[in-house]
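Before any comments, here is the structure.
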Amino acid sequence: IKTEPYMTNIPRAQRGGEIIEPMMSTQWYVKIKPLAEPAIEAVRSGAIKIVPERFEKVYYNWMENIKDWCISRQLWWGHRIPVWTCGNGHEFAARIDPTACPQCGDKNLQQDPDVLDTWFSSGLWPFSTLGWPDETPDLKTFYPTSVLETGYDILFFWVARMIMFGLEMTGQPPFHTVYLHGLVRDEHGRKMSKSLGNAIDPVQLLDEFGTDAFRFTLITAGTPGNDLNLGMSRVESNRNFANKIWNAARFVISKLGVGSGKLEIGKAPSDLQRPTSNLHLPEKWILSRLNNTIASVTRLMDEYQYGEAGRQAYDFFWSEYADWYIELSKIALNSNDQPARSRTLAVLVQVLDQTLRLLHPFIPFVTEEIWQNLKKATRNKAWPEALIIAEWPQPGPIDLPAEADMNLLMDAIRSIRNARAERNVEAGKKLAAMIVSADKHTLFETQRAEFCFLTRLDPDALYIAPRLESSPSGALPIVLGQVTLYLPLSQMIDVAAERERLNREQAEVQSQIDRLNKLLSSDFANKAPAPVVQKERDKLADYQARATKLKEQIERLG
């Protein structure tokens, strides 16, 4: 009828480039449905739990629609199919390499050239590596195991095969829980591949940022069953966290040999775990936060939320212990009050020890090294030989009043620091201040030294009162609920220059208000499209709000 050119697509091997030609061949199969049914029941009955639970549907979908399994592969490597053929054509299987055909005695034997599918060999792993089928001590000790951790992409290819083989060969499931993590992708969410050139060399990362930083990133960057995007900035940030732990521990350890005697922490590391009446507010607060963190991290670990558990331990150590309590501890450590020094050091060591135990599953190398140095410095014989065999921390009571009071103090400190930074006040300059609160003036009075130390206020010029007749002129008010802080603007800025600047800005804003009022009172408001008119009205409202705020700022300057 007609002739037309036709382009033939020749399939080629990805690696070698050779032409691939389809060829029919004889293969070995396993009838898989009798193996799949007990494996389905193991998950359905709860004998095996899959985390996250949503992957149970994926598991059932695979297993309930399973087809007979082709287990033979034509490769040069792998476990050889245990089937032999004699010279007379008799085919038989054997556990041990045979020397003669069991049917005719022929010694001319040829083993099947095919090898087992990789997943078939991998599915035998839980028990074949322990001496099975013999009842070896290793098999009794390590089979079944507890939790299998792997990627969700091989739930069927590997996990399901291990369950089927374990039940068939031993009568027991190989594990009670399957924890599935996501795939590691690049920072843009793309799958790593050689063709894209976005593959990350883990050895290079280990050399550059350290094993613990890379490990911590992989654990905390994702959630169960979800992919994680791996970027260099995230690994670098966790390297900085490892440095933060090292520096904080170095500070604590360096203080243990200073003073009239070594630290006395007691016979066991739990002696100071529970807040007592002789502890001051910062100690009560950090111990309460420690107990809260221990309880939360333990619960999350039990729920297989490893990423969130690591993030909470990270936040506690960096944002509360290192940034706040260590800074507060310097007041007592630099004083001549020996009981205060001993109490503060004991709490510093207690919290550091417990937090290192929490972080050890995530960053084991740094924490073990630090803990060994801490153990040597405290000479605490109650601690075990290594952190890896130390007991997991147990939470104590939570002191909510102490946490609330400390949170108020921290909010006040942050507000004063922000006010100083916005006005470029010299870091070492000490300011006067006034604190007015009917309910919390006693709190600020008892924490006067700590408050002034962290805000660079002059303790001799800090006025604390339950009430005030009228607001002081020329002061910057900072309102925190029922607490009002007043900072003297005259010490923070050049009042005359600031007043002149504000007056110039106020005049400019007023000119814009006058312009917009004139525009909106003209025919423009009737002729222009409604969205355009509304836009100008919104501008007017913004300028009027700015004018009100500027007026208040000028009045505060006096």
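The values are calculated or read from the model by the stated rules, or taken from the named source; none is laboratory data. Every value quoted in this text rests on a predicted model; they were computed, and no experiment measured them. Counting neighbours? That spans all protein chains shown, and the Cβs are built from the backbone with ideal geometry, glycine included. Ligands, DNA and RNA are stripped out before the accessible areas are found, and what is left, the full protein with its side chains, is counted by its heavy atoms. Shrake-Rupley method; radii C 1.70, N 1.55, O 1.52, S 1.80 Å.
Overview of results
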| item | result |
| --- | --- |
| Solvent accessible area, Å² - Ile331, 1.4 Å probe, full protein context | 50 Å² |
| Straight-distance crosslink candidates among aspartates and glutamates, where the alpha carbon sits under 15 Å from Lys539 and sequence neighbours closer than 8 are dropped | Glu508, Asp514 |
| Lys518, Lys330, reordered so the largest accessible area comes first (probe 1.4 Å) | Lys518, Lys330 |
| Prolate/oblate/rounded label for the chain (Cα gyration tensor, a/c 1.5) | oblate |
| Size descriptor, Kirkwood hydrodynamic radius, that averages inverse alpha-carbon separations across the range 340-423, Å | 15.5 Å |
| Under 23 Å from the Cα of Lys140 - lysines, other chains or at least 8 residues apart | Lys49 |
| Value of relative contact order over the range 2-139, rounded to a whole percent, pairs C-alpha under 8 Å and six or more apart | 18 percent |
| Length added when fully stretched, Met301-Gln510, from 0.36 nm per residue minus Cα-Cα | 69.3 nm |
| Rounded accessible area of Trp318 (nearest 10 Å², 1.4 Å probe) | 70 Å² |
| Between 0 and 90°, nearest 10: helix 281-302 axis offset from the chain longest Cα axis | 20 degrees |
| Probe 1.4 Å, protein heavy atoms only - accessible area per residue of the chain in square angstrom | 57 Å² |
| Surface/4 estimate of mean projected area, convex hull on alpha-carbon atoms of the range 48-155, nm² | 9.7 nm² |
| Amide hydrogen neighbours beyond the local backbone of Ala432, cut-off 5 Å, H modeled | Asp458 |
| Dipole of the range 342-449, positive end: most advanced residue of Thr378, Thr367, Pro393 [Cβ charges, Cα centre] | Thr378 |
| HN-Hα J in Hz across the range 309-317 - Karplus 6.51, -1.76, 1.60, θ = phi - 60°, x for Gly and Pro | 4, x, 5, 5, 5, 4, 4, 5, 5 |
| Rounded FRET efficiency, nearest 0.05, which uses the C-beta distance separating Arg12 from Lys49 and R0 of 35 Å | 0.20 |
| Dipole moment magnitude, nearest 20 debye, the range 416-558 about Cα centre, only Lys, Arg, Asp, Glu C-beta charged | 320 debye |
| Helix 211-220 vs. the chain, principal-axis angle (Cα, 0 to 90°, nearest 10) | 90 degrees |
| 5 angstrom amide H check on Leu480, placed H, neighbours 5+ away | Leu485 |
| Accessible area (Å², 1.4 Å probe, nearest 10) - Trp125 | 140 Å² |
| Added length on full extension, which subtracts the Cα-Cα distance from 0.36 nm per residue, Lys2 to Arg448 | 150.6 nm |
| Cα-based shape type of the range 415-490, given that a ≥ b ≥ c are square roots of the gyration tensor eigenvalues and the cut on a/c is 1.5 | oblate |
| Under 5 Å, built H, 5+ apart or other chain: amide partners of Ile50 | Val178 |
| Prolate/oblate/rounded label for the range 332-372 (Cα gyration tensor, a/c 1.5) | prolate |
| Spatial separation of Cα centroids for the range 125-154 and the range 298-320, in angstrom | 30 Å |
| Hz values of 3J(HN,Hα) by residue in the range 121-138 - Karplus curve (6.51, -1.76, 1.60), Gly and Pro given as x | 5, 5, x, 7, 4, x, 10, 5, 7, 9, x, 4, x, 6, 7, 7, x, 5 |
| Dipole of the chain [Lys/Arg +1, Asp/Glu -1 at C-beta], most positive-end residue of Ser25, Leu75, Pro488 | Pro488 |
| Accessible surface, 1.4 Å probe, highest first, among residues Trp132, Trp84 | Trp132, Trp84 |
| Debye, to nearest 20: dipole size of the range 66-189, +1 on Lys, Arg Cβ, -1 on Asp, Glu Cβ | 120 debye |
| Partner aspartates and glutamates for Lys57 [C-alpha distance under 18 Å; skip if fewer than 8 residues away on the same chain] | Glu37, Glu41, Asp153 |
| Volume of the Cα convex hull of the range 453-540, divided per residue and given in Å³ | 182 Å³ |
| Given charges at beta-carbon only (K, R positive; D, E negative), |dipole| of the range 451-534 in Debye | 320 debye |
| Pairwise FRET efficiency - Ser254 versus Thr85, Cβ, R0 = 45 Å, nearest 0.05 | 0.05 |
| Heavy-atom accessible area order for Tyr29, Tyr543, largest first, 1.4 Å probe | Tyr29, Tyr543 |
| Acute angle (nearest 10 degrees) that the helix 364-378 long axis makes with the longest principal axis of the chain, alpha-carbon atoms | 60 degrees |
| Euclidean distance of C-alpha centroids, the range 384-404 and the range 189-263, integer Å | 23 Å |
| Label-point separation in nm, Asn278 to Ala547, each point 7 Å along Cα→Cβ | 6.5 nm |
